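Below: one structure, written as structure tokens.
The values are calculated or read from the model by the stated rules, or taken from the named source; none is laboratory data. Because the structure is predicted, anything quoted here is derived from the model rather than measured. Using ideal geometry, Cβ is built from the backbone for each residue, glycine included, and neighbour counts are taken over all protein chains shown.
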Ligand code: NCD
């Protein structure tokens, strides 16, 4: 049984195949409107979400399938003390595929061991978010026409931001990618990413404290929200939350073909005046999230059938 827990579960060939399939779905949506008829996707969200859950659900509907699930732990039997393992064992009796988000790192991996149907990790704590990464890769490929030979700046909460961790892992598969990590000292990328991904792979990186000093070198700027829910105390969050605010003044020195990504939700880290700039890709990115999840659901269900 194939699950998607970590972006490294996918080979570069599988990533390219998924992105090609997403491109084909975008170009020919009618061709796919009933390919998942009579199939059910369960969305088990133990942590809040707008884009990820709704894009999964919209994706399954546009493939002609059905959806069931819950959007918070409060409305599930978790409140009665049921374990994740039992919940998943039961839900796999009702659904053909499960997308699961959980605040605890590793919960979807445990779920995969118990499930009779494929599990997709829709975000586990500060750890991984592989379907956001597929969204980001599709967006970068559609905007720039390539996934290699580029300089990517990641800005904000690089410590707790799971989307950045997963993006770095996936980009380690492509050649000549340089990362510039822009964060305050307290929110630097975790050591395990530095040691296991940056230093073992073929990638280079540097760490800086301001957007200004690097903006003119970037092909992609990946902005992130300070992850309030993962802070141990509110005072630290308040002190760090507005460290970076991207505005038109800061963009003056940027390349004309810069692509600005953000997994969303945004708080203050991108000023709304940037939204109308053609370099702002984050709403197109949210739309791409639906298409790439369509490709993923379709591929995983086909793999189960051995097609
Ligand atoms: C991200 C997440 O949940 O990690 N959002 C998303 O899935 N689009 C980013 C965030 O919450 O800041």
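Taking the stretch 40-61 as the range and being closer than 20 Å to residue 304 by Cα and out of contact with any strand residue (DSSP E or B) (no Cβ under 6 Å at 6 or more places or on another chain) as the test, the residues that pass are 59, 61. Could you check the stretch 194-241 and list, in sequence order, the residues that are in contact with a helix residue (DSSP H, G or I) (Cβ under 6 Å, 6 or more places away or on another chain), over 22 Å from residue 265 (Cα atoms) and either modelled with pLDDT of 95 or more or surrounded by fewer than 18 Cβ atoms within 10 Å (Cβ to Cβ) (or both)? Within the stretch 194-241, 205 is the sole residue that qualifies. The residue pairs whose first member lies in the stretch 109-136 and is under 25 Å from residue 281 (Cβ atoms), whose second member is at pLDDT below 95 and within 12 Å of the ligand (Cβ to nearest atom), and whose beta carbons are closer than 6 Å, counting only pairs six or more residues apart or on different chains, are 126/230. Could you go through the stretch 102-110 and let me know if any residue there is buried (at least 17 other Cβ atoms within 10 Å of the Cβ), part of a helix (DSSP H, G or I) and not assigned by TED's automatic domain parsing to the domain that holds residue 297. No, because not a single residue in the stretch 102-110 is buried (at least 17 other Cβ atoms within 10 Å of the Cβ), part of a helix (DSSP H, G or I) and not assigned by TED's automatic domain parsing to the domain that holds residue 297. Going residue by residue through the stretch 29-39, is there one that turns out to be under 19 Å from residue 289 (Cβ atoms), modelled with pLDDT of 95 or more and either touching a strand residue (DSSP E or B) at 6+ places or on another chain (Cβ under 8 Å) or not assigned by TED's automatic domain parsing to the domain that holds residue 104 (or both)? Looking through the stretch 29-39, none of the residues is under 19 Å from residue 289 (Cβ atoms), modelled with pLDDT of 95 or more and either touching a strand residue (DSSP E or B) at 6+ places or on another chain (Cβ under 8 Å) or not assigned by TED's automatic domain parsing to the domain that holds residue 104 (or both). Could you please let me know if residue 167 is within 22 Å of residue 256 (Cβ to Cβ), assigned by TED's automatic domain parsing to the domain that holds residue 266, under 18 Å from the mean Cα position of the chain (by Cα) and modelled with pLDDT of 95 or more? Judged against the criteria, residue 167 is not a match.
Counting just the residues of the stretch 53-85 that are part of a helix (DSSP H, G or I) and out of contact with any helix residue (DSSP H, G or I) (no Cβ under 8 Å at 6 or more places or on another chain), which one comes out modelled with the lowest pLDDT?
75
Determine if the stretch 74-94 includes at least one residue that is buried (at least 21 other Cβ atoms within 10 Å of the Cβ), farther than 15 Å from residue 295 by Cα and within 16 Å of the ligand (Cβ to nearest atom). No: zero hits.
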